[in-house]
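Colleague: Quick one: this structure, given as structure tokens, is what I'll be asking you about.
The values are calculated or read from the model by the stated rules, or taken from the named source; none is laboratory data. Just so it is clear, the structure is predicted and the values come from calculations on it, not from any experiment. Note that we place each Cβ from the backbone using ideal geometry, even for glycine, and neighbour counts take in every protein chain shown.
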Amino acid sequence: MEPAIKLKPGVSKWDIRQKVWDYMEENNLANFPRPVHHRIPNFKGAYDACNRIKTLDSFMKTREVKVDPDKPLEGVRLATLQARKTLLVPTPRLRTGLFNKIIPPPGASKEIVRVCSTAQGVKDFSVPIGLDANIHVDLVVVGSVAVSEKGWRIGKGEGFADLEYAMMVSMGAVDENTVVVTTVHDCQLLDIPEELMDSHDLTVDYILTPSQVIKTNCSCSKPQGIIWSKVDSNMMEKIPILKSLQFRERKAGKDVALKEERHAEKKELQRLLEKRISSGKGGGATKVKTNAMEMARNTEASEEHKEPSCKNQPNAPTRVTSIYMGNLPHSLRVSELKNTLREHNAVPLRLSWQGAQHRAFLDYKDEVTAEEAVTSLTGLSISGSVIRVELAKSQRGNRSKIQTTEKPSSQ
């Protein structure tokens, strides 16, 4: 079946989200809450899609099901409770833990069980589960903004579903046999370009829509654990459970260096390599340079999906360098721009927003990091507008008129 939404070459994840949200609003394909923008859409026919989970062999055989708290997954949570299976939901924003277990009161009526499947029920009838609990999740159900029949999934941009799964891997709560399911409206089935997918992105095994069940046969492996080089100190503060998992993995001898530490290590290695190269003479210099290049390649290969640091590092250059972004769409929000910057590994120290003038300034800790961000963002298109990206001029008199200045959240 041809996708209802056609994608042009060069689209970003954020472009895809915007197209889906716009299409669903324009065609009235969603229920409350509206508008669907910046949400997992509560699409019309969601309960029909959710009921299809009862036909999956993996659902019938499982004992424990983890289901996201999104409104369109309410039917899956209800089906899980009605089948007397253990229902796990993520702790809101992962602030106090990873899982909450929904426990209906003894002798609960059908209506109370239904309430337990709602957002209010999650608040009233759930209890937290500690990291030491012996939990094994056979089935994970997540919401999506868009998904492809190959199993590529795009969420609303906050990354919680991906991080939750990685944390479950770290806990030993999931393994290679765990099945991942999502529910969407048929219009949310798109031909998502594979090149948009990263190793931390969660793929799905089954897609449930109001009209069909799709087995993706996705050959791409799911997240193998927390990629600590993608975690920064800001995330550690916002999600305290990460500290416990980091401590566990460090004791187990794993490399748990955070993003800032990785970036500092890379800078120090570059400095040492440059020193070695400059100290070589004649043929020795060529040999030193060759060895240095090989070391740099090996280091780069070991740092999977490097991202620029969000904070200044000790002993590193401290000259803040700004990037100018122009021709921003009038409808673009600050939060959307932040998500786009994260997707392009170009998170700045500060973001200075001038939405009325269709522009923004991004401050980076030094010229090297700013140049890397310009390279990453060159050719960027948002909602059909080609964004102008360049190093800002040293003097911009109108910088004093900036409307808002924010530190982009890393989460």
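Colleague: Filtering the range 320-379 down to residues that are more than 18 Å from SER12 (Cβ to Cβ) and basic (Lys, Arg), which residue is nearest to the chain's Cα centre (by Cα)?
Modeller: Restricting to residues being more than 18 Å from SER12 (Cβ to Cβ) and basic (Lys, Arg), the top hit is ARG350.
Colleague: Which residues, counting only those in the range 147-179, are buried (at least 20 other Cβ atoms within 10 Å of the Cβ) and touching a Lys or Arg at 6+ places or on another chain (Cβ under 7 Å)?
Modeller: VAL147, ILE154, LYS156, TYR165
Colleague: Mind checking which residues of the range 223-245 are under 19 Å from VAL347 (Cα atoms) and not in a loop (DSSP other than H, G, I, E, B)?
Modeller: TRP228, SER229, LYS230, SER233, ASN234, MET235, MET236, GLU237, LYS238 - these are the residues of the range 223-245 that are under 19 Å from VAL347 (Cα atoms) and not in a loop (DSSP other than H, G, I, E, B).
Colleague: With a cut-off of at least 3 residues that are farther than 30 Å from SER331 by Cα, name the helices (runs of 4 or more DSSP H) lying wholly within the range 1-83.
Modeller: Details: elements: 13-26, 46-51, 57-61, 74-82.
Per the criteria, 46-51, 57-61, 74-82.
Colleague: Which condition number in (1) modelled with pLDDT under 80; (2) more than 26 Å from GLY159 (Cα to Cα) is the one that GLY253 fails?
Modeller: (1) is the only condition that GLY253 fails.
Colleague: Looking at ARG77, ARG39, ARG52, can you tell me which residue is touching a strand residue (DSSP E or B) at 6+ places or on another chain (Cβ under 6 Å), surrounded by 17 or more Cβ atoms within 10 Å (Cβ to Cβ), assigned by TED's automatic domain parsing to the domain that holds LEU202 and within 30 Å of PRO193 (Cβ to Cβ)?
Modeller: Working: ARG77 fails: within 30 Å of PRO193 (Cβ to Cβ); ARG39 fails: touching a strand residue (DSSP E or B) at 6+ places or on another chain (Cβ under 6 Å).
Selected residue: ARG52, the only one of ARG77, ARG39, ARG52 that is touching a strand residue (DSSP E or B) at 6+ places or on another chain (Cβ under 6 Å), surrounded by 17 or more Cβ atoms within 10 Å (Cβ to Cβ), assigned by TED's automatic domain parsing to the domain that holds LEU202 and within 30 Å of PRO193 (Cβ to Cβ).
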